[in-house]
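To start, the structure itself, in structure tokens.
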Amino acid sequence: MEIWAWCLMPNHVHLIVVPETENGLARAIGEAHRRYTRRINSRENWKGHLWQERFASFPMDETYLLAVARYVEMNPVAAHIVKRAKEYRWSSAQAHLSAQDDQLIPCFQW
């Protein structure tokens, strides 16, 4: 799965991704949820689910790609967490604005 843009907010996550297969997105998100839940439950000595509901997704054409990427990366600014998107460490904005590789989420295959 290719990750084109991302932003980790305190209470939610935004991703723009391109799955390699029809069910690739569901498999990748499901595996991420399972791993994260196992780790947090183990660390906190908890049991059960951490996520309230299934993730939401929709196909997007190129017409909306830049607008949606801008929305994703400007989310911390809109939430008054930072003044400028490039100041927020937990998003792809720094990498995109500096035209450098993303150091937190390198390209890899799920």
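Scan 8, 25 and give me the residue that is within 23 Å of residue 99 (Cβ to Cβ), in contact (Cβ under 8 Å) with a residue 24 or more places away in the chain and of a type in the set (A, V, I, L, M, F, W, C).
Numbers: 25 fails: within 23 Å of residue 99 (Cβ to Cβ).
Being within 23 Å of residue 99 (Cβ to Cβ), in contact (Cβ under 8 Å) with a residue 24 or more places away in the chain and of a type in the set (A, V, I, L, M, F, W, C) holds for just one of 8, 25, which is 8.
Among the residues of the stretch 58-110 satisfying the criterion of being of a type in the set (Asp, Glu) and modelled with pLDDT under 95, which is surrounded by the most Cβ atoms within 10 Å (Cβ to Cβ)?
Here the answer is 102.
Could you count how many residues in the stretch 28-53 are of a type in the set (D, E, K, R), assigned to a helix (DSSP H, G or I) and either closer than 27 Å to residue 93 by Cβ or at pLDDT below 90 (or both)?
3
Sort out which residues of the stretch 84-93 are outside any loop (DSSP other than H, G, I, E, B) and within 14 Å of the chain's Cα centre (by Cα), and write them in order of number.
The initial filter retains those residues of the stretch 84-93 that are outside any loop (DSSP other than H, G, I, E, B), namely 85-87, 91, 93.
Those that are outside any loop (DSSP other than H, G, I, E, B) and within 14 Å of the chain's Cα centre (by Cα): 91, 93.
The values are calculated or read from the model by the stated rules, or taken from the named source; none is laboratory data. The model shown is predicted, which means the values in this text are computed figures rather than measured ones. Positions of Cβ are backbone-derived with ideal geometry, glycine not excepted, and every protein chain shown enters the neighbour counts.
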